[in-house]
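The values are calculated or read from the model by the stated rules, or taken from the named source; none is laboratory data. Keep in mind it's a predicted model, so treat the numbers as computed, not measured. We place every Cβ from the backbone using ideal geometry, glycine too, and count neighbours over all the protein chains shown. Keep in mind that these areas ignore ligands, DNA and RNA; they rest on the heavy atoms of the full protein, side chains included. Shrake-Rupley method; radii C 1.70, N 1.55, O 1.52, S 1.80 Å.
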Amino acid sequence: MAEGCMMALRYGMVFFNLLFWLGGCGILGVGVWLSVTQGNFATLSSSLPSLSAANLLIAVGTIIMVIGCLGCVGAVKESRPLLLTFFILLLIIFFLEILSIMLFFIYQDEIDHYAQRDLKKGLQLFGTEGNVGLTNAWMIVQTDFRCCGVTNHTDWFEVYNATRVPDSCCLEYSDNCGLDNPGTWWTAPCYERVKDWLNDNLVALWIFALCTALTQILGLVFSMTMFCQAVKVETFYA
């Protein structure tokens, strides 16, 4: 009976980590594709230029693949070191996620202030050489969210030293439309528009977070149960 339970646990662990590993492969693939085709797409921060969608996906995908591989091999071989390493890494990530969420809610006002200041600083790099990713990101955000600037469209006046905005701020896009009358521009702040979009999708975000947490907890339970069972078996045959 115990052997049957151990076999079922092993297969469950292998299946779980295989899906985990395949998910990591998919995320890594999307990140590499974005990096090759779009450059540093979605880089909005001037202080963290490496914080792009492509680089984040590559990093997350790589971490998931490594952890999934450790768990899968550890389950197949019933290797205590690999199972313990898998458990520790997953536990660290789980606690870091909880800590990040707690710090976000505690320091939300400070984070808002810093983010807006950093984004405004990043506007100065718009359209400059070597900042294609940041330029493309702002064009896409302003077009898709129908907004202009971080807090309002006048943020761009300091960038151009003139009363004009990028063409992506225009209600109807055309070349040099950012030089036209302000009545033809979007005036909604992009920062608030993105926050409103996140709030509108808050339920979906929480469901995703809970599913992620549940998956990680299952991984922790499976790996520790297999580790303890492997210790018992080795002690028994010692």
*Which of the residues belonging to region 61-89 are under 24 Å from the mean Cα position of the chain (by Cα), more than 21 Å from residue 217 (Cβ to Cβ) and crowded, with 17+ Cβ neighbours inside 10 Å?*
61
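Within region 105-131, which residues are open to solvent by 90 Å² or more (accessible area, probe 1.4 Å) and either in a helix (DSSP H, G or I) or closer than 25 Å to residue 60 by Cα (or both)? Spell out how you get there, then give the answer.
We begin by selecting, within region 105-131, every residue open to solvent by 90 Å² or more (accessible area, probe 1.4 Å); these are 105-107, 109-110, 113-114, 117, 121, 124, 129.
Correct list: 105, 106, 107, 109, 110, 113, 114, 117, 121.
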*asked:* Among the listed residues 210, 218, identify the single one that is at pLDDT 85 or above, open to solvent by 60 Å² or more (accessible area, probe 1.4 Å), over 30 Å from residue 120 (Cα atoms) and in a helix (DSSP H, G or I).
replied: 210
*Do you know which residues across region 172-198 are in contact with a Lys or Arg (Cβ under 7 Å, 6 or more places away or on another chain) and open to solvent by 80 Å² or more (accessible area, probe 1.4 Å)?*
179
_Number of positions in region 87-117 that are in contact (Cβ under 8 Å) with a residue 24 or more places away in the chain and of a type in the set (Phe, Trp, Tyr)_ = 2
_Pairs with Cβ under 7 Å, 6+ apart, first in region 158-171 and assigned by the TED database to the domain that holds residue 142 and open to solvent by less than 70 Å² (accessible area, probe 1.4 Å), second outside any helix (DSSP H, G or I) and modelled with pLDDT of 90 or more_ = 165/148; 165/153; 165/185; 169/148; 169/153; 169/185; 169/186; 170/185
*Would you pick out the residues in region 137-162 that are under 17 Å from residue 124 (Cβ atoms), in a loop (DSSP other than H, G, I, E, B) and in contact with a helix residue (DSSP H, G or I) (Cβ under 8 Å, 6 or more places away or on another chain)?*
148, 149, 150, 151, 153
